[in-house]
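Q: Here it is, the structure in full.
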Number of protein chains: 2
Amino acid sequence: MAELRLRALRGIGEIRPGERLGEVLTDALRHNDVVLRDHDVVAVCQKVVSKSENRYRELADETPTPKAVELAAICGKDARYVEVVLQQATDVVRCSRGVLIVRHKLGFVVANAGVDQSNIERGDERVLLLPEDPDASAERLRVHIEARHGVSVGVVVTDSFGRAWRKGVIGVALGCAGLQSLRDRRGERDRQGRELRITEVALGDQIASAATLVMGEADEGLPMVVISGLAAEAFDGHEPATALIRPAREDLFL
Amino acid sequence: MAELRLRALRGIGEIRPGERLGEVLTDALRHNDVVLRDHDVVAVCQKVVSKSENRYRELADETPTPKAVELAAICGKDARYVEVVLQQATDVVRCSRGVLIVRHKLGFVVANAGVDQSNIERGDERVLLLPEDPDASAERLRVHIEARHGVSVGVVVTDSFGRAWRKGVIGVALGCAGLQSLRDRRGERDRQGRELRITEVALGDQIASAATLVMGEADEGLPMVVISGLAAEAFDGHEPATALIRPAREDLFL
């Protein structure tokens with residue numbers, strides 16, 4: 001029996017700007033009696049990464065451009081919020097009532113450039129950007145784990161994105177270190193010796209979706225998950241999460 | 001600690017047309033010493049479902065229409081194969097060298113209408129269609145499990161699809177029974193009492209991606225997976241996998 005085990009760590013509080021996620025993880029592992037092993041993967045919710053990196057922006061500091069004002073009128077969002085979204089974006093993919101989908105400057109196509117405004121409802125005018133370089137955030141945590149725990153693990157920074165054709169959000173890998181986020185299986189054969197029909201597997205996104213199931217989806221519910229039992233081949237080389245981004249000109253589905 | 005456990009059952013052989021998947025599962029559970037519990041989910045790879053339902057088609061029986069011949073010339077595939085794909089499709093989304101993406105009559109946007117041609121390379125001219133009604137296939141297996149094992153479980157029929165914007169395939173739910181494939185979280189609040197930012201979660205797809213990780217992605221490697229530890233709320237009501245399909249006219253991303 002092949003077995004995969006996902007353990008979401010309890011007891012992780014609100015993350016403050018400047019707080020080191022490596023230390024938060026180390027404490028949470030101890031608190032939950034979890035020992036990391038080689039070839040485990042640690043999945044971390046984007047939001048705690050952004051908070052530790054102090055990716056807050058104050059809407060009061062923003063002066064919307066005419067383009068932000070125009071789009072805000074169409075989608076019905078705060079023009080200062082739209083301004084922050086546009087600063088994070090290279091293109092607007094779709095703008096309509098309640099909807100603002102962009103290509104983030106990191107390459108991801110995502111609603112509102114992933115800029116979180118969930119604080120606004122309670123009078124806090126800070127919004128939260130995605131991490132500046134999620135692959136680098138993942139790599140920093142991986143290096144910390146290797147140094148502190150003496151094990152070689154993968155790290156995935158997860159988020160939840162909507163997508164074309166299908167309803168509902170799913171987990172995606174925003175950042176990845178220490179494993180192949182995109183696994184090229186060309187040349188591999190199945191047990192009948194035939195070449196595999198499927199040649200590229202988005203391992204990072206599948207790991208993120210699995211982790212999101214146990215994070216409970218609630219913002220910051222259980223933001224760190226330890227995944228054990230992935231096939232060793234996943235760790236044959238490193239592919240950052242940027243490998244998962246299909247450049248617009250190569251898109252097969254559009 | 002919240003924990004999710006995925007166990008892929010070993011020892012499942014090639015599935016023959018007419019073979020009952022419920023019996024295959026029952027035997028495999030015994031062989032692997034796995035006992036199903038209420039609120040477990042059984043994930044089953046599409047290919048074994050299609051085989052048990054004898055969804056084979058002989059290319060020799062097909063006479064391509066002029067449209068199939070024309071598209072075959074563009075994408076460089078066998079015109080009889082393209083004919084079978086078109087019979088399963090309502091629209092062609094994209095046709096270019098090596099690429100034929102359609103909207104399947106079940107609603108999914110998928111390469112080659114999910115018609116598998118991996119046998120062709122070894123001289124077998126049979127192709128394999130998706131199950132005729134994957135939600136019904138899932139429900140039949142769920143009913144069998146309830147009757148035979150006395151437990152109330154979810155069933156997900158999984159496949160691997162490519163997608164817009166991102167590289168690599170991920171697991172998706174083709175069929176679903178006994179749980180909410182699409183979970184509506186409107187009105188729910190996080191632990192600070194704020195309304196959740198994300199309101200619809202594609203639980204079925206996330207479960208399929210998690211299961212695919214342990215199926216080993218290889219065709220028929222380990223086609224049945226038992227998933228334990230999902231939140232009980234996932235089973236508050238039933239949503240078939242068709243609930244995950246976004247009608248083209250409502251698509252936000254395109």
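The numbers here are math on the coordinates, done by the rules we state, and not lab data. Keep in mind the model is a prediction, meaning the values are calculated, not measured. Here Cβ is always computed from backbone atoms with ideal geometry, including for glycine, and neighbour counts include all displayed protein chains.
Q: Give me the angle, in degrees from 0 to 90, between the Cα long axis of helix B:21-31 and the longest principal axis of the Cα atoms of chain B, rounded to the nearest 10.
A: Roughly 50 degrees, rounded to the nearest 10.
Q: Would you mind classifying chain A by shape? Square roots of the alpha carbon gyration tensor eigenvalues, ordered a ≥ b ≥ c; an a/c under 1.5 is rounded, otherwise it is prolate if a/b is larger than b/c and oblate if not.
A: oblate
Q: Using the number of other C-beta atoms within 10 angstrom as an exposure proxy, rank B:228, A:181 with the fewest first.
A: B:228, A:181
Q: Which pairs in the list A:47/A:77; A:167/B:67; A:47/A:67; A:51/B:167 are over 23 Å apart, alpha-carbon to alpha-carbon?
A: Long pairs (Cα-Cα over 23 Å): A:167/B:67; A:47/A:67; A:51/B:167.
Q: Not counting the cut sites, what is the longest span of chain A without GluC sites (Glu not before Pro) that DSSP labels loop and that have at most 14 other Cβ atoms within 10 Å?
A: Formally, the longest exposed-site-free interval is A:15-131.
Q: At residue B:184, with labels set 7 Å past Cα in the Cβ direction, how many nm apart are the copies from this one, shortest first?
A: Those label-point separations list as 4.5 nm.
Q: FRET efficiency for residue A:236 and residue B:249, Cβ-Cβ distance as r, R0 = 56 Å, nearest 0.05?
A: E between residue A:236 and residue B:249, to the nearest 0.05, is 0.80.
Q: State the Kirkwood hydrodynamic radius of segment B:57-128 in Å, one decimal place, computed from all pairs of distinct Cα atoms.
A: So the Kirkwood estimate lands at 11.9 Å.
Q: If you count the DSSP beta bridges with both ends in the protein assembly as shown, what percent of them are antiparallel, to the nearest 5?
A: The antiparallel fraction comes to roughly 85 percent.
Q: Going by how many other Cβ atoms sit within 10 Å of their own, how do B:118, B:137 line up, fewest first?
A: B:118, B:137
Q: Same structure, new question: Can you give the mean number of other chain Cβ atoms that lie within 10 Å of the Cβ atoms in peptide A:152-162?
A: Mean partner-chain Cβ count within 10 Å for A:152-162: 1.
Q: Considering only DSSP states other than H, G, I, E and B, which trypsin sites (Lys or Arg not before Pro) in segment B:1-110 qualify as loop sites with at most 10 other Cβ atoms within 10 Å?
A: Those that pass, being in a loop and sparsely packed, are B:97.
Q: Related question: Given Cα positions, please report Rg to Rh for segment A:98-141, the hydrodynamic radius being the Kirkwood one.
A: Result for segment A:98-141 is an Rg/Rh of 1.06.
Q: To the nearest 10 degrees, how steep is helix A:134-149 against the longest Cα principal axis of chain A, on a 0 to 90 scale?
A: It works out to around 40 degrees.
Q: Additional query: Could you work out the relative contact order of segment A:56-128? I mean the mean sequence separation of Cα pairs under 8 Å and 6+ apart, divided by the number of residues, in percent.
A: Relative contact order comes out at 28 percent.
Q: Residue B:125 label point, 7 Å along Cα→Cβ, cut-off 15 Å on backbone N: hits in segment B:78-96?
A: B:78-84
Q: Taking a label point 7 Å out from Cα toward Cβ, give me the nm distances from residue A:58 to the same spot in the other copies, shortest first, one decimal.
A: Between copies, matching label points for residue A:58 lie 7.7 nm apart.
Q: Tell me the relative contact order for chain A as a rounded percent, counting alpha carbon contacts under 8 Å between residues six or more apart.
A: Dividing the mean separation by the residue count of chain A yields 25 percent.
Q: State, to one decimal in nm and shortest first, how far the label point of residue A:251 sits from each corresponding label point in the other identical copies (label point: 7 angstrom along Cα-to-Cβ).
A: Residue A:251 label point versus its equivalents elsewhere: 0.9 nm.
Q: If one takes the longest principal axis of the Cα atoms in chain A, at what angle in degrees, from 0 to 90 and to the nearest 10, does the Cα axis of helix A:66-75 lie?
A: 70 degrees
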